[in-house]
Amino acid sequence: MKEIDARGLACPAPVLQTKATLQEEKPAAVKVVVDNAASQQNVQRFLESQGFQTTLKQQGADFLVVGTCGSEPREHAQAATEPEGDAKKIMVLCATDRLGFGDDELGLKLMVNFLRTLKEMGPDLWRLVFVNNGVKLAIDGSEVIEDLKAYEKTGLKILVCGTCLNYFKLLDRKQVGETTNMLDIVTAAQLADKVITL
Amino acid sequence: MFPTDANVIVGLERADDAGVYKISDDLALIQTVDFFTPIVDDPYSFGQIAAANALSDVYAMGGVPKTAMNLVAFPVKDMEIGILRRIIQGGLDKLTEAGVVLIGGHSIEDRELKYGLSVTGTVHPQRVLTKNGLRANDRLVLTKPLGTGIVNTAIKAGMAPPELVEQVTRLMAALNRTAGEVMARFDVHACTDVTGFGLLGHLAEMVSGSGLGVHIDSRKVPVMVEALTYASMGLIPAGAYRNREFREPMVVFAEAVERSRQDALFDPQTSGGLLISVSGTQAGDLVKALGDAGVGDSAEIGAVLTGPEEKIWVV
């Protein structure tokens, strides 16, 4: 296991040292020794943000943070929830929070109903992507937020456009899905068997 | 006990933002001093921020700053004197913007650079605003977004883009003058400026001894978006952890408040905004007036209630 001695260093130096080691050596497990609680918490959070699982031990006045990276856990975890066998891959791209044109209130009701009924697609539903005004469905206060969370629990991957969230200043209000970029969206559209755009 | 006299309106025992001394029935002096080591690389910006920070204590007391004096510690053997000139120019320009005159100062040689100012202002003795004075049904208004400590940590780590460096510098250098002037038109009961103890640390000082409770809606607290991202990566200044540890017994977080947002609420601020406790019926108008005057990040962030006694509930 790769060991990093970051004792005697103040924030943010221990995090930087850990970051540099991860980048250069890409270790599967790492042990970081720090001598203060702030650095310990910062290093632990940094490792977790990089997909490591962490454990903490106290050794005299020092803290030992051990991070283990369950061999690229993120990618594999996702792969496990991907539909298998003959399921189709349907991507639904919501570029609006209203279904159709005409009356806005009716449009919102229809959209809510549409998203709730989507589950009838079963395992064929593969990606749910929100862009432009559609991102407003994925924030707190959205009528379908609980439905979307339930979808996510079943393994459906929900992508929410980061540029759009940022544009509407809603980045910190997003409640569901992964913040994503255009390349992810384009790639998903390419891989999908069918794309339904709203 | 420290010696005092009958004209001391706010002295040492209160640990407020500045001292206040009554000169006559309609005039009191506000005095404050503040200095620190550089928090940004650019000397001119450092001067501006140091001045904005020193002036802020006078605004937080409801006063108008009038005069200032420089305090300088400079490693004259190791550092080029032009750096000091730029720092002082930054401070001077900020004072000019505030309508304050520089009337003197003092410098010494030191191994580490330090700059700050002592500021004197005036206030009507009956209109002094302190940290005490919260009333039930008040609303709390904050005039600058949080996150400067976390973002400065990311800058130290070399992880912040130049636009963000510029943005946070501008934020720290922004005077609380307009916020103070607008606030004077409303029924304000208590005020402080948010600095090293973080929002919740300074709020805890206001709540202590009040017998009242404070509810904060964390989603309404303005926070720099980037600060939340950096916090989740562990780029949090040690001071934020200390602030949390110190005030944890007074603060109750709802489960839904994410860890990074909690960190932002404890993040030590440099030259932060004013935290204003205003009569509940006027909060909306105050926020609107602040926005109209250009203090656009202002937001109503919570309320003062009769309980739970001396606790801060964050939802």
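Where a number appears in this text, it was derived from the coordinates with a stated rule and is not lab data. Just so it is clear, the structure is predicted and the values come from calculations on it, not from any experiment. Cβ sites come from the backbone with ideal geometry, for glycine too, and all protein chains shown count toward neighbours.
Some notes on this structure:
- Listed by number, the DSSP H helices of chain B that run 18 Å or longer by alpha-carbon position along their axis and have mean Kyte hydropathy of at least -0.5 are B:43-60, B:81-98.
- Note on residue B:26/residue B:67: beta-carbon distance plugged into 1/(1 + (r/R0)^6) with R0 of 22 Å gives a FRET efficiency of 0.70.
- Qualifying GluC sites (Glu not before Pro) for segment B:223-315 [loop in DSSP, other Cβ within 10 Å: at most 12]: B:255, B:309
- The protection proxy used here, the mean number of other Cβ atoms lying within 10 Å of each residue, ranks peptides B:121-134, B:51-64 as follows, highest first: B:51-64, B:121-134.
- Average partner coverage of B:234-247, which counts Cβ from other chains inside 10 Å: 5
- FRET efficiency for residue A:132 and residue A:49, using Cβ-Cβ distance with R0 set to 41 Å, rounded to 0.05: 0.90
- Residue B:137/residue A:7 FRET efficiency (R0 45 Å; Cβ-Cβ; nearest 0.05): 0.35
- In this Cβ point-charge picture (+1 for Lys and Arg, -1 for Asp and Glu), chain B has a dipole of about 80 debye about its Cα centre.
- Among B:135, B:170, B:261: highest mean-square fluctuation, GNM of chain B, C-alpha pairs under 10 Å: B:170
- Lys pairs under 20 Å by Cα in segment B:49-161, provided they are eight or more residues apart or on distinct chains: 6
- For peptides B:185-192, A:17-24, B:200-207, B:105-112, sequence by mean Cβ density within 10 Å, most packed first: B:200-207, B:185-192, A:17-24, B:105-112
- Counting Cβ atoms of other protein chains within 10 Å of each Cβ in A:39-45 and taking the mean gives 5.
- With a 10 Å cut-off around each Cβ of B:147-155, the average count of Cβ atoms from other chains is 1.
- Sorted ascending by nearby beta carbons within 10 Å, beginning with the fewest, B:313, A:126 become B:313, A:126.
- Of the residues B:77, B:144, B:220, the one that moves most in a GNM of chain B with alpha-carbon contacts below 10 Å is B:77.
- Springs join every pair of Cα atoms under 10 Å in this Gaussian network model of chain B, and among B:234, B:280, B:90 the largest mean-square fluctuation is at B:234.
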